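Here the structure comes first, spelled out in structure tokens, and everything after it is commentary.
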Amino acid sequence: MALEIRPIPTLTGDDAARFIKNADEAERRYQKRMEYNRLHPDAVKENPARETVRRMWREYLDSVKE
């Protein structure tokens, strides 16, 4: 039983350039965020949105256990 070999889609031209630009920008933002977190370790812990999400997940998981 043979599997069909499908071609891998490949970006070319303007689409490829836009993809590379967006990927580079995302990597730059990620590196910047990691550097900020390294220099300000308390900033991650003080994020109120993060704490809200953690509380919501904790409440949800507790309700599923019961």
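The values are calculated or read from the model by the stated rules, or taken from the named source; none is laboratory data. All values reported here derive from a predicted model rather than from experimental measurement. Don't worry about glycine lacking a Cβ; one is built from the backbone with ideal geometry, like all the others, and counts go over all protein chains shown. Side chains included, ligands, DNA and RNA excluded: accessible areas come from the protein's heavy atoms. Shrake-Rupley method; radii C 1.70, N 1.55, O 1.52, S 1.80 Å.
So how tilted is helix 13-39 from the main axis of the chain? Cα-based, degrees 0 to 90, rounded to 10.
Helix 13-39 sits roughly 20 degrees off the main axis of the chain.
Using the crude model of +1 on Lys and Arg Cβ and -1 on Asp and Glu Cβ, and no other charge, please compute the dipole size for the chain relative to its Cα centre, in debye to 20. It would help to have the intermediate numbers written out before the result.
Values: 14 positive and 13 negative charges, 41 e Å.
In total the dipole reaches around 200 debye.
Could you check how much of the accessible area of the chain is carbon and sulfur, as a whole percent, using a 1.4 Å probe?
Roughly 58 percent, rounded to a whole number.
Hey, if you put +1 on the Cβ of every Lys and Arg and -1 on every Asp and Glu Cβ in the chain, which of N22, M56, L3 ends up farthest toward the positive end of that dipole?
Projecting each Cα onto the dipole axis, the largest value belongs to M56.
Quick one: Cα convex hull volume of the chain, Å³ per residue?
That works out to 202 Å³ per residue.
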